[in-house]
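Colleague: Structure in structure tokens, see below.
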Amino acid sequence: MQTAEIGALLEQCVARWHDVEPSHAEEGLPGKVCDLHRFNFLLWHEEDIARSPEVTDRRIAEVKRAIDGYNQARNDAIEKVDDWLIADLEERGVVSAADAPAATETPGAALDRLSILELRRYHMREQVERPDASREHREKAAGRMVILDRQRTHLVEAISRLVSEIYAGQRPLRVFRQMKMYNDPSMNPYLYKAQEAQ
């Protein structure tokens, strides 16, 4: 599947998931990317709740815990995208040259940025089309939409180039393990010290 097709899939998912529970039936690489996209979708909307001035402190605490969980799942999903690509490269016998330069981010990390960009584009488009907003507000949003669309084009091109170079053996794919510690009761000092005190 080409990066442009994945971008289109992410765009379709965002639109559909605003009407139905976020889920998908994709398999293989598209499935791994949709898993990642789902966690970004859930994160986005939890963060919207957290910013509301009408939300109680108790609800904020619930949202914060949900955000932590989704963020952990999102980071795990980024690595799973890269793990899928590594397995596919091994199956195809693709090996990069020993001196091939690595990219600053993996395809999984770049697809994560594309996922977030699709969410941003969807919500900016909502602002462009908002009937209750002023003309000035809609024009400002339309100007931002032009920039977001241009950024999307550039990002899709960059991801396509990166993946092509990896599959041509011109770049290695090295998974950048996040090693998140805050959800791990054995790693987060606040959590393990609280357990020891019991």
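All of the numbers you see were taken from the coordinates with simple rules; none came from a lab. Keep in mind that what you see is a predicted model, and the values were worked out from it rather than measured. Here Cβ is always computed from backbone atoms with ideal geometry, including for glycine, and neighbour counts include all displayed protein chains.
Colleague: Counting only helical runs of four or more DSSP H residues, what would the 222 nm mean residue ellipticity of the chain come to if each run contributes -39,500 (n - 2.57) and the total is spread over all its residues?
Modeller: -24500 deg cm²/dmol
Colleague: Go ahead and set up a Gaussian network model of the chain, Cα springs under 10 Å, then flag whichever of S52, S115, S96 fluctuates most.
Modeller: Evaluated over the chain, the most mobile residue of the options is S52.
Colleague: Against the globular-protein guess of 2.2 N^0.38 Å, express the Cα radius of gyration of segment 28-69 as a ratio, rounded to two decimals.
Modeller: So segment 28-69 has a normalised radius of gyration of 1.41.
Colleague: Find out how many positive minus negative residues lie around G7, taking Lys and Arg as positive, Asp and Glu as negative, among other residues whose Cβ is under 11 Å from that of G7.
Modeller: -2
Colleague: Relative to a virtual label point 7 Å from the Cα of Q170 in the Cα→beta-carbon direction, which members of segment 102-119 show backbone nitrogen distances below 14 Å?
Modeller: The answer is 102-103, whose backbone nitrogens lie closer than 14 Å to the label point.
Colleague: Continuing with the same structure: Taking the Cα centroid of segment 141-162 and of segment 1-61, what is the distance between the two, rounded to the nearest whole Å?
Modeller: Cα centres, segment 141-162 to segment 1-61: 19 Å.
Colleague: While we're here: In whole Hz, what ³J(HN,Hα) sequence does segment 9-19 give by Karplus (6.51, -1.76, 1.60; θ = phi - 60°), x for Gly and Pro?
Modeller: Rounded to whole hertz, the list is 4, 4, 4, 5, 4, 4, 5, 5, 5, 7, 10.
Colleague: Here's something else I'd like to know. Using a simple spin-label model with points 7 Å from Cα along the Cα→Cβ vector, what separation in nm is obtained for Q127 and Q72?
Modeller: So the two model labels end up 3.3 nm from each other.
Colleague: If you take the beta carbon distance between D99 and S160 as r and set R0 to 30 Å, what does 1/(1 + (r/R0)^6) give as a FRET efficiency, to the nearest 0.05?
Modeller: Efficiency at R0 = 30 Å is approximately 0.80.
Colleague: What is the order of D82, D132, fewest Cβ neighbours within 10 Å to most?
Modeller: D132, D82
Colleague: Shape of segment 60-112 from its Cα gyration tensor (a ≥ b ≥ c, root eigenvalues): rounded if a/c is under 1.5, otherwise prolate when a/b > b/c, or oblate?
Modeller: Prolate, since a/c reaches 1.5 and a/b exceeds b/c.
Colleague: Quick one: dipole size for the chain, taken about the Cα centre, charges +1 on Lys/Arg Cβ and -1 on Asp/Glu Cβ, in debye to the nearest 20.
Modeller: The calculated dipole for the chain is roughly 580 debye.
Colleague: What share of Cα pairs, in percent, lie more than 31 angstrom apart in the chain?
Modeller: The proportion of pairs with Cα distances above 31 Å equals 30 percent.
Colleague: Continuing with this model, one more query. In Å and whole numbers, how far do the C-alpha atoms of segment 99-139 stretch along each principal axis, longest first?
Modeller: Taking max minus min along each principal axis of the Cα atoms, segment 99-139 gives 56, 15, 7 Å.
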